[in-house]
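Nothing in this text is a laboratory measurement; each read-out follows from the coordinates by a stated rule. What you are looking at is a predicted structure, and each value in this text was computed from that prediction instead of being measured. Note that we place each Cβ from the backbone using ideal geometry, even for glycine, and neighbour counts take in every protein chain shown.
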Amino acid sequence: MVNGHLQKPYKAQFHDGRHPFSADLDSKFGGEDSAPNPHELLEAALVGCTLQTIQLYGARKGWDIGSTEVVVKFVSEGAEVVLSRTIKFDLSLNEEQKTRLTEIANKCPIHKALLAPTKIETQIIS
């Protein structure tokens, strides 16, 4: 669970009970650009989950995933949201490992959550 509040116009402060973090809007939208914007936080969630999932799988298999990198970018949003994810595997990994790790990346919890039908239930507390 994450709890948040506005600290100043357009800057949201959050905490999960252990870690503070924040989001801000770009200056062109009236923010101060002092933190990632909400889209970047979502991109970061998919990057982090992808890397951690393939690292966990690699460790179970005894594979060193080395300097594997992941980049995620919003391509479009609206009726259909499109995210682009690029995985650059370490040169020490062979094609079979890369193929399997790509399959595993597609099973990371954030990837699955983004593909699932989503319902957001909002409660208002006075």
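Quick notes on this one:
- Inter-part distance where region 83-101 and region 1-59 are each reduced to a Cα centre, Å: 26
- Of all DSSP beta bridges confined to the chain, the antiparallel ones make up roughly 100%.
- Expected-Rg normalisation [2.2 N^0.38 Å, Cα atoms] applied to the chain: 1.27
- Taken over the chain, lysine pairs spaced eight or more positions apart, or on distinct chains, with alpha carbons under 26 Å apart number 20.
- At most 12 other Cβ within 10 Å, DSSP loop - GluC sites (Glu not before Pro), region 4-96: Glu77, Glu80
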